[in-house]
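J.: The structure's right below; bear with me while I get my questions together.
The values are calculated or read from the model by the stated rules, or taken from the named source; none is laboratory data. Note that this is a predicted model, so its numbers are computed, not measured. Note that each Cβ is placed from the backbone with ideal geometry, even for glycine, and that neighbours are counted across all protein chains shown. For accessibility, only protein heavy atoms count, side chains too; no ligands or nucleic acids. Shrake-Rupley method; radii C 1.70, N 1.55, O 1.52, S 1.80 Å.
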Amino acid sequence: MRPERRRLWTGAAPGANPFALPRGLLGPAAGLLMARGNRVQNAEVLAYCGVGPQDDVLEVGHGPGLLLGMLARRARSVTGVDPSPQMVRMARRRNAAAVRAGRVRVRVGSAEATGAPDASADLVVSVNTVAMWPRLDAALDELHRVLRPGGLLALSWHLSPESFTLAPDERAALEAALSRRFGASSTADLRHGALFSARR
């Protein structure tokens, strides 16, 4: 059952949640669990986005770096940002060859502060992080800024277990925020995740 009185996007820091900001002794274990638990959903999002060899991609909240590697096999360039220094190190190790070749770059950053130049990405993607962002509107402003005209923003979130899913009012708030910033948005429940997308 979903926790009672959950409030998202209030500006509050992630607190002790080891998946929102992996750190300390639990950080590496959280990273391994995310790599295992998100593998199928990452592949599903990759297929949905249709990444091609001319695309420059930004992944927000890359965690242990599994999707970064999948993207690097298709895209021209891939940049990942994550607020957890532990996850940045883990992603670098996982994708060491692609990092050395210059196909993947990873650094500490967040949805609100990616550090990416204006209009530098054809695709911005994030899997299972949007409900943990402190401020939704500020994050969408930033992601709109880094997208090129015609670029795609794709945000995937859990469809199971029920305690992780977005409630109807939370989904409506996300859809409304996307439409305010991008003019329009679409939502699709895929097999493993709810996909919220918009084009600049």
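Matching residues to (1) buried (at least 21 other Cβ atoms within 10 Å of the Cβ); (2) in contact with a His (Cβ under 6 Å, 6 or more places away or on another chain); (3) farther than 22 Å from MET70 by Cα:
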residue	(1), (2), (3)
ALA116	yes, no, no
SER120	no, no, no
MET132	no, no, yes
GLY151	yes, no, no
SER163	no, no, yes
GLY183	no, no, yes
THR187	no, no, yes
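J.: If the Cβ limit is 8 Å and pairs must be 6+ apart or interchain, which residue in the range 57-72 that is on the phi > 0 side of the Ramachandran plot and open to solvent by 10 Å² or more (accessible area, probe 1.4 Å) pairs with which residue that is modelled with pLDDT of 95 or more and not in a loop (DSSP other than H, G, I, E, B)?
T.: These pairs meet every condition: GLY61/VAL81; GLY61/ASP82; GLY61/SER126; GLY61/VAL127.
J.: In addition: Mind checking which helices (runs of 4 or more DSSP H) fall wholly inside the range 95-182 and carry at least 2 residues that are closer than 20 Å to ALA72 by Cβ and among the hydrophobic types (A, V, I, L, M, F, W, C)?
T.: Working: elements: 96-100, 136-146, 168-182.
Correct list: 96-100.
Condition check ((1) in contact with a Phe, Trp or Tyr (Cβ under 8 Å, 6 or more places away or on another chain); (2) farther than 12 Å from HIS62 by Cβ) across all residues:
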site	(1), (2)
ARG73	no, yes
THR79	no, no
ASN95	no, no
ARG100	no, yes
VAL106	no, no
GLY109	no, no
GLU112	yes, yes
ASP118	no, yes
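J.: Now for a different question. Have a look at LEU46, LEU71, LEU32 and point out the one that is at pLDDT 95 or above, out of contact with any Ser or Thr (no Cβ under 6 Å at 6 or more places or on another chain), closer than 28 Å to ALA167 by Cα and assigned to a helix (DSSP H, G or I).
T.: None of the other options fit; the residue is LEU46.
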